[in-house]
Amino acid sequence: AQSVAQPEDQVNVAEGNPLTVKCTYSVSGNPYLFWYVQYPNRGLQFLLKYITGDNLVKGSYGFEAEFNKSQTSFHLKKPSALVSDSALYFCAVRASMIKAAGNKLTFGGGTRVLVKP
Amino acid sequence: DSGVTQTPKHLITATGQRVTLRCSPRSGDLSVYWYQQSLDQGLQFLIQYYNGEERAKGNILERFSAQQFPDLHSELNLSSLELGDSALYFCASSVTGTGGRTEAFFGQGTRLTVV
């Protein structure tokens with residue numbers, strides 16, 4: 001079974017400082033990895049994805065994520081956080097071996113990011 | 001705007017009742033996914049349809065059912081509702097059903113409150 005762990009329920013960071021949101025995954029075969037952000041009373045918005053190739057993936061709003069196969073991690077990063085980045089962030093994994101797991105996207109429990117001015 | 005439309009946005013109903021949640025996917029998307037988001041369970045995958053056929057099933061209760069129609073819109077039916085079914089229900093859509101490389105786009109959700 002595939003699973004995602006986001007070990008931190010909340011991350012607090014000062015505006016202008018680097019932001020990191022951690023994610024580790026478990027899946028059969030090669031993973032497809034995604035990050036989504038959820039603002040209050042809104043749906044999830046896609047930020048970025050890793051499918052194959054370069055381990056450093058760049059996405060929307062200045063976010064990037066680094067895929068590390070040996071550590072089965074896909075941490076989300078932003079060099080300089082903004083107050084407007086305060087939201088709930090979800091990491092998700094999908095198995096590339098579709099026959100085994102269907103096409104479902106399995107999410108982590110979410111990490112709340114609070115950026116203080 | 002993701003292009004995925006969910007109706008209604010809010011729903012308040014009594015225990016024991018039945019409700020239907022509706023989802024219109026993005027134009028051209030063949031896959032529809034349903035998720036339940038609650039405070040204690042996080043974001044749980046319920047079910048996926050691809051071009052009218054069930055493709056994957058998650059933690060969906062027997063009291064819940066879904067279908068995808070020929071025009072690709074989908075409905076999630078929740079029956080014999082209990083207080084614990086109160087949650088935010090999301091629909092998402094993506095282009096492919098088997099490739100897996102494409103991201104899913106989420107609607108704004110239906111907030112269900114069972115009283």
query = Which lysines have a Cα less than 16 Å from the Cα of A:Lys77, not counting those fewer than 8 places away in the same chain?
reply = A:Lys22, A:Lys49, A:Lys58
ask   = To the nearest µm²/s, what D does Stokes-Einstein give for the protein assembly as shown at 37 °C and 0.692 mPa s, using the Kirkwood radius over alpha carbon pairs as Rh?
value = 182 µm²/s
request  = Grab the alpha carbons of the stretch A:35-75, take their convex hull, and tell me the volume per residue in Å³.
outcome  = 74 Å³
request  = Report the far tail of the P(r) of chain A, meaning the percent of Cα-Cα pairs longer than 20 Å.
outcome  = 37 percent
query = Given DSSP loops and a limit of at most 12 other Cβ atoms within 10 Å, what is the longest stretch of chain B that contains no such GluC sites (Glu not before Pro)?
reply = B:1-61
query = Looking only at Cα atoms, what is the convex hull volume of the stretch B:48-115 per residue, in Å³?
reply = 99 Å³
request  = Find the cysteines in the protein assembly as shown that fail to meet the 4.7 Å Cβ criterion with every other cysteine, and list them.
outcome  = none
remark   = In Å, the Kirkwood estimate of hydrodynamic radius for chain B over Cα pairs equals 14.0 Å
request  = Please give the FRET efficiency for A:Ala1 paired with A:Arg42, using the beta carbon to beta carbon distance and R0 = 25 Å, rounded to the nearest 0.05.
outcome  = 0.30
request  = With an 8 Å cut-off on Cα pairs and a minimum separation of 6 or more residues, tell me the relative contact order of chain A in percent.
outcome  = 38 percent
ask   = With chain A treated as a Gaussian network of Cα nodes joined by springs under 10 Å, which of A:Pro18, A:Pro79, A:Pro40 yields the largest mean-square fluctuation?
value = A:Pro40
note = Each residue of A:104-113 has, on average, a number of other protein chain C-beta atoms within 10 Å of its C-beta equal to 4
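Readers should treat all values here as calculations from the given coordinates under stated rules, not as data from a laboratory. Quantities reported herein were computed from a predicted structural model and do not represent experimental measurements. Please note: Cβ atoms are built from the backbone with ideal geometry, for glycine as well, and neighbour counts cover all protein chains shown.
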